[in-house]
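**Student:** Pasting a structure below so you can have a look.
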Amino acid sequence: MTIASFTQWICFLALSAAVVVGSLGVVLLPNIVYSAFLLGGVFLSVAGLYLMLNASFVAAAQVLVYVGAVNVLILFAIMLVNKKETLAEIPGLPLRRLLSGGVCAGLFLLLLRVDVTTPWAVPGPSPAGDDATIKIGMHLFSDYLLPFELASVLLLMAMIGAIVLARRDVYTVDVITGENADQALIEKIRTPLLVETAPDRNPALESTR
Amino acid sequence: MNLSIPVDVPLQAYLVLAAILFCTGVWGLINSRNAVRVLMSIELMLNAVNINLMAFSSYIDGQLIRGQVFAIFVITVAAAEAAVGLAILLSLYRNRETVDMERFNLLRW
């Protein structure tokens, strides 16, 4: 991108600070709704970084797919499973956090070392700039045609799989009318199948099965 | 007033940023007890990989931009993964009434 180095540095530092602080917030904040919104902020900042890297099409795709679809999906999941529950204490949790933090710091140092010591082949050829979108289209319909078509099959499979996994199966039929009973009402009184301390089941519901 | 810095943002700066983001994602993946947060950590890691791909595409492969094509495929797979992951989470929640990762141990010896 043909902007002055000073502006470029300011944009990079601001965006990367947003990315780092936002990702730490996603991981560390106790309230998961705040985490989800911060995740949206991280996605937007990453899209800004893509713009700095001469990739306007992928930046648009990032905003549409990640912020528009994935983040909204995560927010819906939080709404659907948001139940206040007190998590059982685990022995040795601080030690576990410390150990995994050490492992992650070691991984980071390893990546940093590779980053600094490798002789990268820069500067390469000059970036394509605004022609990038045209070139991506050329790639997708010539040498990356098979992965492109496979991606469509993958998305179809994921859609069908998500529907099959998340749908509610109808268990019960109303004895009088013969119609399917209201599933939401049944799930309110039904004991979940795999809860460890299963209390007594509702005998009225059991008899209708 | 001349504030221009002669050096552009180098490739290494983007790689360091991606490494930080990836390690944060790994830590969150290991330590989260809420299953939704685990999925969010996976998204963070995928974004770190995408930043790497885009940086290499812009700095080293400027004319062919194969990195951008790969980033588009990664975004596609991430969307599919998020949909299936959240569907699994929903069905798990319906059966166990919890999102605590420590209690999803049905298949553990």
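**Student:** Find the residue count for region A:100-117, including only residues that are more than 9 Å from every other protein chain (Cβ to nearest Cβ) and either surrounded by 13 or more Cβ atoms within 10 Å (Cβ to Cβ) or of a type in the set (Val, Ile, Thr) (or both).
**Tutor:** Adding up the residues that qualify gives 1.
**Student:** Then there's this: So, B:Leu21, is that one surrounded by 21 or more Cβ atoms within 10 Å (Cβ to Cβ), on the phi < 0 side of the Ramachandran plot and in contact with a helix residue (DSSP H, G or I) (Cβ under 7 Å, 6 or more places away or on another chain) or not?
**Tutor:** Values: surrounded by 21 or more Cβ atoms within 10 Å (Cβ to Cβ): yes; on the phi < 0 side of the Ramachandran plot: yes; in contact with a helix residue (DSSP H, G or I) (Cβ under 7 Å, 6 or more places away or on another chain): yes.
It is true that B:Leu21 is surrounded by 21 or more Cβ atoms within 10 Å (Cβ to Cβ), on the phi < 0 side of the Ramachandran plot and in contact with a helix residue (DSSP H, G or I) (Cβ under 7 Å, 6 or more places away or on another chain).
**Student:** Turning to a different aspect of this structure: Is it the case, given these coordinates, that A:Leu24 is farther than 20 Å from B:Ala79 by Cβ and at pLDDT below 95?
**Tutor:** Values: farther than 20 Å from B:Ala79 by Cβ: yes; at pLDDT below 95: no.
Considered against the rule, which asks whether it is farther than 20 Å from B:Ala79 by Cβ and at pLDDT below 95, A:Leu24 comes out as no.
**Student:** So, one more: Go through B:Ala35, B:Ala87, B:Ala48 for me and flag whichever is closer than 29 Å to A:Asn31 by Cα, crowded, with 20+ Cβ neighbours inside 10 Å, without any contact (Cβ under 8 Å) to a residue 60 or more places away in the chain and more than 7 Å from chain A (Cβ to nearest Cβ).
**Tutor:** On inspection, the qualifying residue turns out to be B:Ala48.
**Student:** Confirm whether A:Val26 is closer than 20 Å to B:Ser41 by Cβ, crowded, with 18+ Cβ neighbours inside 10 Å and without any contact (Cβ under 8 Å) to a residue 24 or more places away in the chain.
**Tutor:** Details: closer than 20 Å to B:Ser41 by Cβ: yes; crowded, with 18+ Cβ neighbours inside 10 Å: yes; without any contact (Cβ under 8 Å) to a residue 24 or more places away in the chain: yes.
So A:Val26 passes the test.
**Student:** Does any residue of region B:88-97 turn out to be at pLDDT 90 or above and within 11 Å of the chain's Cα centre (by Cα)?
**Tutor:** Within region B:88-97, none of the residues are at pLDDT 90 or above and within 11 Å of the chain's Cα centre (by Cα).
**Student:** Something else: Tally time: how many residues in region A:117-130 are over 30 Å from the mean Cα position of the chain (by Cα) and assigned to a helix (DSSP H, G or I)?
**Tutor:** 1
**Student:** Taking helices (runs of 4 or more DSSP H) that fall entirely within region A:1-96, which contain at least 3 residues that are farther than 30 Å from A:Pro125 by Cα, more than 7 Å from chain B (Cβ to nearest Cβ) and in contact with a His (Cβ under 7 Å, 6 or more places away or on another chain)? If you could, list the steps in order and put the result at the bottom.
**Tutor:** On the way: elements: A:5-28, A:32-52, A:56-61, A:71-81.
Passing ranges: none, list empty.
**Student:** Would you be able to say whether some residue in region A:125-133 is modelled with pLDDT of 90 or more and more than 23 Å from B:Leu86 (Cα to Cα)? Step through it out loud before you land on a result.
**Tutor:** Residues of region A:125-133 that are modelled with pLDDT of 90 or more, as a first pass: A:133.
Now restrict to residues that are more than 23 Å from B:Leu86 (Cα to Cα): A:133.
Yes, some residue in region A:125-133 is modelled with pLDDT of 90 or more and more than 23 Å from B:Leu86 (Cα to Cα).
**Student:** How many residues are loosely packed, with under 12 Cβ neighbours inside 10 Å and assigned to a helix (DSSP H, G or I) if we restrict to region A:138-148?
**Tutor:** 2
The values are calculated or read from the model by the stated rules, or taken from the named source; none is laboratory data. Please read these numbers as outputs of a predicted model, since none were measured by experiment. Heads up, the Cβs are rebuilt from the backbone with ideal geometry, glycines too, and the neighbour counts pull from every protein chain shown.
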